[in-house]
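Step one of this worksheet: look at the structure below.
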Amino acid sequence: MSKLSTNDSKAVQKRHKCQKCGKYYIGYPALSRKDNKTNICPECGVAEALDIFLSIQQ
Ligand SMILES: [Zn+2]
């Protein structure tokens, strides 16, 4: 007798609005490296990190 166990672990996925690009995203917010308090989407987080990385290179 096999019973299918339904995996009903509710993933808490909150929706956030990016303060930088205005897009909605789900998951963990990234903290802006420019002021360390603005929540931005992971995409912008990567973009900012790259931006800072490139500015250090110059
Ligand atoms: Zn964004």
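Each value in this text was obtained by applying a stated rule to the coordinates, not by laboratory testing. Values in this document were obtained by computation on a predicted structure and should not be read as measured data. Neighbour counts run over all protein chains shown; Cβ positions are idealised from the backbone, glycine included.
Determine ³J(HN,Hα), in whole Hz, for all residues of the range 47-58 in sequence, where each value follows from phi through the Karplus function 6.51 cos²θ - 1.76 cosθ + 1.60 and θ = phi - 60°; x replaces Gly and Pro.
Coupling constants for the range 47-58: 4, 5, 4, 5, 4, 5, 4, 5, 6, 5, 5, 7 Hz.
List, in order, the whole-Hz ³J(HN,Hα) value for each residue of the range 26-39 obtained from phi through the Karplus relation with A = 6.51, B = -1.76, C = 1.60 and θ = phi - 60°; use x for Gly and Pro.
Here the 3J(HN,Hα) series is 10, x, 7, x, 9, 8, 4, 7, 7, 10, 6, 9, 8, 7 Hz.
So for each of 13-19, 28-34, 39-45 I average, over its residues, the number of other beta carbons within 10 Å; can you give me the resulting order with the highest mean first?
39-45, 28-34, 13-19
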